[in-house]
Amino acid sequence: MNRSFRLLEGGSRLPLVLNKFFFTQHLDDEEEIKMVVHKHWLLGIKSLWLPSLVFIAVWSLLYFARTKYIVYGISVSSLGVALWWMRNFMDYYLDAWVITNKGVIDLAWHGWFHRTSARVLYSDIQGIEYEVKGIFGTLIGYGEVSLEKISTGGTISMEYVKSPRKVEALVLVCMEAYMHKKNLKDATTVQGILAEFVASTMQKRAAEENVKNMVPPKKKPPVKQ
């Protein structure tokens with residue numbers, strides 16, 4: 001079993017640790033993560049700034065605490081805010097595409113006890129495209145990336161993807177490498193089947209020849225005069 005994660009050039013260690021912790025469980029044997037695609041980081045900040053501000057405000061109340069009951073109340077409140085912050089973080093971070101050497105895994109986090117995962121192999125991808133719309137998308141550099149499936153004719157997509165052109169290019173490169181490897185494997189398999197067929201045919205013919213050689217020729221009846 002070989003499940004690995006590559007640190008892309010210029011990448012930081014913290015996302016590597018988080019991605020390895022959250023996403024390697026979705027990998028098959030001999031599968032390697034090339035990239036984890038999230039929505040633009042500004043959306044993460046948008047979902048986390050309010051619980052972060054409330055958490056700081058709750059703990060700042062300790063300065064005015066006069067009794068232990070107020071301290072207990074602040075502790076319970078901070079725990080609730082921490083869960084709120086974690087819930088928003090998971091909702092942002094675990095809605096992702098995991099691009100591997102075998103395909104694309106579409107992950108969605110709907111709650112603490114509800115997650116979905118859909119895998120699309122490169123052999124099932126009809127095409128990939130991206131679209132950048134609006135002023136903010138053009139200036140900030142985010143867009144929508146879509147994959148079209150051969151099997152169902154449907155599409156899977158992710159909005160607000162940072163640098164969608166790079167994501168498209170990476171998927172195309174991985175798909176080309178996967179199909180090349182698959183074609184070589186299929187060719188090797190066909191060669192093996194043909195070799196087994198030829199060997200079996202030759203063995204069968206040799207056995208038939210041996211049987212013929214072991215059977216004595218029939219004697220001709222004497223000619224009546």
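The values are calculated or read from the model by the stated rules, or taken from the named source; none is laboratory data. Keep in mind it's a predicted model, so treat the numbers as computed, not measured. Quick reminder, even Gly has a Cβ in these numbers, built from the backbone with ideal geometry, and neighbours come from all protein chains shown.
Residue by residue, here is whether (1) out of contact with any helix residue (DSSP H, G or I) (no Cβ under 8 Å at 6 or more places or on another chain); (2) at pLDDT 90 or above; (3) surrounded by fewer than 10 Cβ atoms within 10 Å (Cβ to Cβ) holds:
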position	(1), (2), (3)
PHE136	yes, no, no
ILE150	no, no, no
ASN183	yes, no, no
ALA199	yes, no, no
GLN203	yes, no, no
VAL215	yes, no, yes
VAL223	yes, no, yes
>> Name the single residue that is surrounded by the most Cβ atoms within 10 Å (Cβ to Cβ) among those in region 26-72 being among the polar types (S, T, N, Q) and modelled with pLDDT of 85 or more.
In response: SER47
> Can you name every residue in region 123-143 that is free of Cβ contacts under 8 Å to residues at least 60 places away in the same chain, part of a strand (DSSP E or B) and over 25 Å from ALA177 (Cβ atoms)?
Replying inline: GLU131
> Given the conditions (1) acidic (Asp, Glu); (2) without any contact (Cβ under 8 Å) to a residue 40 or more places away in the chain; (3) crowded, with 17+ Cβ neighbours inside 10 Å, and given that ASP106 satisfies all but one, which numbered condition is not satisfied?
Replying inline: (2)
> What is the one condition in (1) in contact (Cβ under 8 Å) with a residue 12 or more places away in the chain; (2) among the charged types (D, E, K, R); (3) farther than 27 Å from GLY137 by Cβ that ARG66 does not satisfy?
Replying inline: (1)
